[in-house]
1. Could you please find all residues in the stretch 56-91 being over 29 Å from residue 152 (Cα atoms) and in a loop (DSSP other than H, G, I, E, B)?
2. Can you name the residue in the stretch 151-175 that is surrounded by fewer than 10 Cβ atoms within 10 Å (Cβ to Cβ) and closer than 20 Å to residue 71 by Cβ and is also modelled with the highest pLDDT among such residues?
3. Which one of these does residue 141 not meet: (1) modelled with pLDDT of 95 or more; (2) within 23 Å of residue 46 (Cβ to Cβ); (3) under 18 Å from the mean Cα position of the chain (by Cα)?
4. Kindly provide the set of residues from the stretch 58-77 that are loosely packed, with under 15 Cβ neighbours inside 10 Å and out of contact with any strand residue (DSSP E or B) (no Cβ under 8 Å at 6 or more places or on another chain), ordered by number.
5. With the checklist (1) touching a residue at least 60 places away in the same chain (Cβ under 8 Å); (2) closer than 29 Å to residue 140 by Cβ; (3) part of a helix (DSSP H, G or I) in hand, flag the one item residue 49 doesn't pass.
6. Could we say that residue 94 is loosely packed, with under 13 Cβ neighbours inside 10 Å and part of a strand (DSSP E or B) here?
């Protein structure tokens with residue numbers, strides 16, 4: 001008879017190892033956000049970079065959609081958009097279907113800079129993973145997809161543009 005890994009804590013220890021790896025990935029991502037923000041504009045904050053990046057990937061959006069997709073407070077998005085406008089990174093365009101609403105969109109120069117950063121990031125990822133076997137890469141993709149299925153998905157029509165992983169919503173303990 002084999003021991004139940006959940007009973008002896010094996011699964012919990014393995015999950016703790018995964019959690020630590022995610023901590024390291026997220027710490028690197030946070031540092032990358034700060035670096036990317038400064039490369040777009042010296043006064044751009046990481047939250048502003050997230051908005052700009054989302055708009056580049058999704059196209060024009062209403063501020064409420066941005067808030068929903070980034071799981072952010074609308075007032076924070078409003079302040080961030082004001083800063084982005086002052087830095088001339090984002091403009092507002094009246095929604096032709098609703099005269100009270102505005103679309104947010106990035107300037108062509110902002111789009112060019114963000115796309116250049118994204119291409120560099122992609123190149124780095126490919127270089128780091130090219131030493132892996134195809135099976136390893138596929139296994140990682142499958143496991144990440146399986147994990148992502150367990151997280152809530154924003155309900156906006158642009159949900160695929162900004163997958164979010166909010167570990168604060170993870171249940172504590174074992175499942």
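1. 87, 88, 89
2. 152
3. All conditions are met except number (2).
4. 64, 71, 73, 74, 75, 76 - these are the residues of the stretch 58-77 that are loosely packed, with under 15 Cβ neighbours inside 10 Å and out of contact with any strand residue (DSSP E or B) (no Cβ under 8 Å at 6 or more places or on another chain).
5. Against the list (1) touching a residue at least 60 places away in the same chain (Cβ under 8 Å); (2) closer than 29 Å to residue 140 by Cβ; (3) part of a helix (DSSP H, G or I), residue 49 comes up short only on (1).
6. yes
The values are calculated or read from the model by the stated rules, or taken from the named source; none is laboratory data. These numbers come from a predicted model, not from an experiment. Please note: Cβ atoms are built from the backbone with ideal geometry, for glycine as well, and neighbour counts cover all protein chains shown.
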